[in-house]
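The values are calculated or read from the model by the stated rules, or taken from the named source; none is laboratory data. Predicted model only: the values in this text are computed from it and were never measured. So basically every Cβ, Gly included, is an ideal-geometry build from the backbone, and we count neighbours across all protein chains shown.
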């Protein structure tokens, strides 16, 4: 097992990053979140059908790529770097994992082909350690297929009422979902395991958020002058950036370990560390950008909001640390 990126993973990263640079620039994302349709469904269609990310985790027998969590983690990193408003995490990670565990081949084929988008109707604030039935769901309004777990069984439901509500993360809307009639029994699943898988992949997104914040801040302090010197030349700023760099390096190792060797321990480690790192690096980015970092026009606030929303998604850092302590035998 290696934490290094393979040539195939590098190629996948290059394809996704190139598309996002062209179609999901900071100005485009800012304009999108102010519109009536926060999700960029045209971008999602291109990602899903032309690059094939929708079927990344789907076995080849169902028309997918038959890839692993490692490749999905690379996509999550790039989407985090762009805070791209697309439902990859909710559809191609959470919903797809549920369908895989249930053995729902027909539904997987539709997802892999990019014909439909799915959403698992579980509150984003739920965690592998605390299953919630009431709360706000991400990705529901962008999905044609709604899935619900009841007493360990996955069902497809129709007719659910989806009410979009204000979200801290403008690039990942949430909704209150109620009602709906069960129309198909898809199979038995372990919801805690599904949420654990999602938490492991979310750590890769948090890594992408932190990397963008660090790189953008580093570029800014190199060209921002005070007292006839670049701000980045001051020793205090150098020390802060060096500490952030070390945090991000550790976050990369934790995220890669979580997708390369999935386990409750690697997931809890990555989820607890990366959640805190993403928030800290984003907060430092806002402060080190000075006055411009506090404006709506600069995209750094989108990254801080994504980091804060991710921090409470699928388990808080405290939830994961508490679980980790039990897993390694600490009081």
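Residue 245 fails exactly one of the following numbered conditions: (1) surrounded by fewer than 15 Cβ atoms within 10 Å (Cβ to Cβ); (2) within 28 Å of residue 131 (Cα to Cα). What is the number of that condition?
Result: residue 245 passes all but (2).
Within region 275-289, can one find any residue that is under 24 Å from residue 120 (Cα atoms) and in a helix (DSSP H, G or I)?
Kept after step one, since they are under 24 Å from residue 120 (Cα atoms), are these residues of region 275-289: 275.
Next cut, in a helix (DSSP H, G or I) only: 275.
Scanning region 275-289 turns up at least one residue that is under 24 Å from residue 120 (Cα atoms) and in a helix (DSSP H, G or I).
I need a count of the residues in region 300-331 that are outside any helix (DSSP H, G or I) and crowded, with 17+ Cβ neighbours inside 10 Å.
If we filter region 300-331 for residues that are outside any helix (DSSP H, G or I), which is where we start, we get 312-316, 328-331.
Now drop any that are not crowded, with 17+ Cβ neighbours inside 10 Å, which leaves 313-316.
Number of matching residues: 4.
So residue 211 clears everything in (1) touching a helix residue (DSSP H, G or I) at 6+ places or on another chain (Cβ under 8 Å); (2) at pLDDT below 95; (3) under 23 Å from residue 292 (Cα atoms) except one condition, right? Which one?
Among (1) touching a helix residue (DSSP H, G or I) at 6+ places or on another chain (Cβ under 8 Å); (2) at pLDDT below 95; (3) under 23 Å from residue 292 (Cα atoms), residue 211 violates only (2).
I need a count of the residues in region 103-151 that are under 14 Å from residue 189 (Cα atoms), in contact with a strand residue (DSSP E or B) (Cβ under 6 Å, 6 or more places away or on another chain) and modelled with pLDDT under 95.
2
I'd like the full set of residues that are buried (at least 18 other Cβ atoms within 10 Å of the Cβ), within 16 Å of residue 100 (Cα to Cα) and under 25 Å from the mean Cα position of the chain (by Cα), limited to region 164-200.
Taking region 164-200 and keeping what is buried (at least 18 other Cβ atoms within 10 Å of the Cβ), we get 167, 169-175, 177, 186, 189, 191, 194-200.
Now restrict to residues that are within 16 Å of residue 100 (Cα to Cα): 186, 189, 191, 194-198.
Those that are buried (at least 18 other Cβ atoms within 10 Å of the Cβ), within 16 Å of residue 100 (Cα to Cα) and under 25 Å from the mean Cα position of the chain (by Cα): 189, 191, 194, 195, 196, 197, 198.
Give the number of residues within region 128-163 that are crowded, with 17+ Cβ neighbours inside 10 Å and either without any contact (Cβ under 8 Å) to a residue 12 or more places away in the chain or over 22 Å from the mean Cα position of the chain (by Cα) (or both).
5
If you check every pair at least six apart or on different chains, which have Cβ atoms under 7 Å apart with a residue in region 97-111 that is touching a residue at least 60 places away in the same chain (Cβ under 8 Å) and on the phi > 0 side of the Ramachandran plot first and a residue that is surrounded by fewer than 21 Cβ atoms within 10 Å (Cβ to Cβ) and not in a helix (DSSP H, G or I) second?
These pairs meet every condition: 103/187.
Tally the residues that are more than 20 Å from residue 69 (Cβ to Cβ) and without any contact (Cβ under 8 Å) to a residue 40 or more places away in the chain, restricting the search to region 242-263.
Here is the first cut: in region 242-263, the ones more than 20 Å from residue 69 (Cβ to Cβ) are 242-249.
Right, trim to without any contact (Cβ under 8 Å) to a residue 40 or more places away in the chain and you get 242-243, 245-247, 249.
Counting residues in region 242-263 that are more than 20 Å from residue 69 (Cβ to Cβ) and without any contact (Cβ under 8 Å) to a residue 40 or more places away in the chain gives 6.
If you check residue 232 against the conditions, is it assigned to a helix (DSSP H, G or I) and either at pLDDT 95 or above or in contact with a strand residue (DSSP E or B) (Cβ under 6 Å, 6 or more places away or on another chain) (or both)?
On the way: assigned to a helix (DSSP H, G or I): yes; either at pLDDT 95 or above or in contact with a strand residue (DSSP E or B) (Cβ under 6 Å, 6 or more places away or on another chain) (or both): no.
Taking the combined requirement at face value, the residue does not satisfy it.
Return only the number of the condition from (1) out of contact with any strand residue (DSSP E or B) (no Cβ under 8 Å at 6 or more places or on another chain); (2) exposed (fewer than 13 other Cβ atoms within 10 Å of the Cβ); (3) touching a residue at least 12 places away in the same chain (Cβ under 8 Å) that residue 209 does not satisfy.
(2) is the only condition that residue 209 fails.
Collect the residues in region 32-54 that are modelled with pLDDT of 90 or more, surrounded by fewer than 18 Cβ atoms within 10 Å (Cβ to Cβ) and within 14 Å of residue 85 (Cα to Cα), keeping them in residue-number order.
Once the filter is applied, which keeps residues that are modelled with pLDDT of 90 or more, surrounded by fewer than 18 Cβ atoms within 10 Å (Cβ to Cβ) and within 14 Å of residue 85 (Cα to Cα), region 32-54 yields 41, 42, 45, 46.
Here are some residues: 12, 30, 79, 47. Which one is over 19 Å from residue 204 (Cα atoms) and either touching a residue at least 24 places away in the same chain (Cβ under 8 Å) or in contact with a strand residue (DSSP E or B) (Cβ under 8 Å, 6 or more places away or on another chain) (or both)?
Values: 12 fails: over 19 Å from residue 204 (Cα atoms); 79 fails: over 19 Å from residue 204 (Cα atoms); 47 fails: over 19 Å from residue 204 (Cα atoms).
One residue alone meets the criteria, 30.
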